[in-house]
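The values are calculated or read from the model by the stated rules, or taken from the named source; none is laboratory data. Owing to the predicted nature of the structure, the values given are computational and were not obtained by experimental measurement. Using ideal geometry, Cβ is built from the backbone for each residue, glycine included, and neighbour counts are taken over all protein chains shown. The protein model used for the area step is the full one, side chains on, heavy atoms only, and it has no ligands, DNA or RNA in it. Shrake-Rupley method; radii C 1.70, N 1.55, O 1.52, S 1.80 Å.
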Amino acid sequence: MDKVLLITGASRGIGAATARLAARQGWSVAVNYATNAQAAEDVVRGIREAGGTALAVQADVGDEAQVLAMFQTIDTELGRLAGLVNNAGVVDVPARVDSMGLARLQRMFNINVIGSFLCAREAVLRMSTRHGGGGGAIVNVSSAAARLGAAGQYVDYAAAKGAIDTMTVGLAREVAAEGVRVNAVRPGLIETDIHASGGLPDRVRDLSPQVPMQRGGTANEVAQAIVWLLSDEASYTIATLMDISGGR
Ligand code: NAP
């Protein structure tokens, strides 16, 4: 039986590219989405047409009840979880810290940080040998922003990703002897719709000259690293923060 993998926020962008690649490498993939059911179903259909196994599962990762229901659906429909990619994430429109309201900060940390913790918790409960599981791997999708800070644009987002980096190192060491490997990727400027969602549709083009490689990356270039970190090829790699940023 194929190993079961949950990718949060897999209806488009880096998550969708990771779902397609992981399915080609033999994972049964739960394609999570928050609102765009059609996009998630399109990803699932593409995987099935290529001979893979996939299932679309709705849940806002910032909502604990929805997260619990999602994991129960995966348990029932796909079987025992062996992989998690904490990919779902949001940005906001450019703002300075001195103008950020409480609602913005709560949304940013709720989805990007608490959502990742909730999914990691549920994954560890299923994977860790301490809980009777058979082991597994978790990859958190952080950002180069965690080390750059995103001044004048979204320091809140960068700080949320900084929390993900720290969670990655801490959780990795916590469950290292229980058969669970935890790592993170830190993408740089990647060509996806996230920039338009933050009101900056040309962000990758505009900032590309600042990238040592002089270009943005593709979702598939990030997916390659994520799927490797999930795989047995990465069997001695834990607690690493892998930059996929063209040198940015
Ligand atoms: P994207 O194209 O905007 O896709 C975001 C995905 O997350 C969508 O599938 C969306 O699904 C889902 N999502 C949003 N809020 C959610 C929630 N509350 N619960 C569950 N799913 C939710 O983003 P992306 O560029 O692929 O980014 C993926 C990850 O990479 C994020 O964590 C992002 O911070 C990180 N990253 C991206 C870049 C970049 O340049 N693109 C750079 C560094 C890091 P719905 O549409 O259904 O809501």
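Assess whether residue 121 counts as being within 19 Å of the chain's Cα centre (by Cα) and among the basic types (Lys, Arg). Full working, then the answer.
Numbers: within 19 Å of the chain's Cα centre (by Cα): yes; among the basic types (Lys, Arg): yes.
Against the criterion (within 19 Å of the chain's Cα centre (by Cα) and among the basic types (Lys, Arg)), residue 121 qualifies.
Considering 61, 43, 67, 31, which residue is part of a loop (DSSP other than H, G, I, E, B), within 13 Å of the ligand (Cβ to nearest atom) and either touching a residue at least 60 places away in the same chain (Cβ under 8 Å) or open to solvent by less than 20 Å² (accessible area, probe 1.4 Å) (or both)? It would help to see each step written out before you state the result.
On the way: 43 fails: part of a loop (DSSP other than H, G, I, E, B); 67 fails: part of a loop (DSSP other than H, G, I, E, B); 31 fails: part of a loop (DSSP other than H, G, I, E, B).
On inspection, the qualifying residue turns out to be 61.
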So, in the stretch 147-160, of the ones that are of a type in the set (Gly, Ala, Ser) and open to solvent by 30 Å² or more (accessible area, probe 1.4 Å), which residue ends up nearest to the ligand (Cβ to nearest atom)?
159
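Name the residue, out of 186, 181, 215, that is more than 13 Å from the ligand (Cβ to nearest atom) and either in contact (Cβ under 8 Å) with a residue 12 or more places away in the chain or open to solvent by 50 Å² or more (accessible area, probe 1.4 Å) (or both). Even if it seems obvious, please write down each step before you answer.
Details: 186 fails: more than 13 Å from the ligand (Cβ to nearest atom); 215 fails: more than 13 Å from the ligand (Cβ to nearest atom).
Selected residue: 181, the only one of 186, 181, 215 that is more than 13 Å from the ligand (Cβ to nearest atom) and either in contact (Cβ under 8 Å) with a residue 12 or more places away in the chain or open to solvent by 50 Å² or more (accessible area, probe 1.4 Å) (or both).
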Scope the stretch 189-212; condition touching a residue at least 12 places away in the same chain (Cβ under 8 Å) and assigned to a loop (DSSP other than H, G, I, E, B); matching residues:
189, 191, 192, 193, 198, 199, 200, 211, 212
Every listed condition ((1) crowded, with 16+ Cβ neighbours inside 10 Å; (2) part of a loop (DSSP other than H, G, I, E, B); (3) in contact with a helix residue (DSSP H, G or I) (Cβ under 7 Å, 6 or more places away or on another chain)) holds for residue 246 save (3)
Quick one: count up the residues across the stretch 71-104 that are out of contact with any strand residue (DSSP E or B) (no Cβ under 8 Å at 6 or more places or on another chain) and away from the ligand (no atom under 15 Å from the Cβ).
10
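Can residue 163 be described as more than 10 Å from the ligand (Cβ to nearest atom), within 15 Å of the chain's Cα centre (by Cα) and in a helix (DSSP H, G or I)?
Numbers: more than 10 Å from the ligand (Cβ to nearest atom): yes; within 15 Å of the chain's Cα centre (by Cα): yes; in a helix (DSSP H, G or I): yes.
For residue 163, the condition - more than 10 Å from the ligand (Cβ to nearest atom), within 15 Å of the chain's Cα centre (by Cα) and in a helix (DSSP H, G or I) - is met.
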Out of the stretch 192-206, which residues are surrounded by fewer than 16 Cβ atoms within 10 Å (Cβ to Cβ) and either within 15 Å of residue 219 (Cβ to Cβ) or within 11 Å of the ligand (Cβ to nearest atom) (or both)?
193, 196, 197
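Limited to the stretch 96-109, what total is found for residues that are touching a residue at least 12 places away in the same chain (Cβ under 8 Å) and surrounded by fewer than 17 Cβ atoms within 10 Å (Cβ to Cβ)?
Of the stretch 96-109, the ones touching a residue at least 12 places away in the same chain (Cβ under 8 Å) are 96-97, 100, 104-105, 107-109.
Add one more test, that the residue is surrounded by fewer than 17 Cβ atoms within 10 Å (Cβ to Cβ), and what stays is 96-97, 100, 104-105, 107.
Going through the stretch 96-109 one residue at a time, the tally reaches 6.
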Tell me the residue from 146, 176, 160 that is of a type outside the set (Val, Ile, Thr) and touching a Lys or Arg at 6+ places or on another chain (Cβ under 7 Å), please.
146
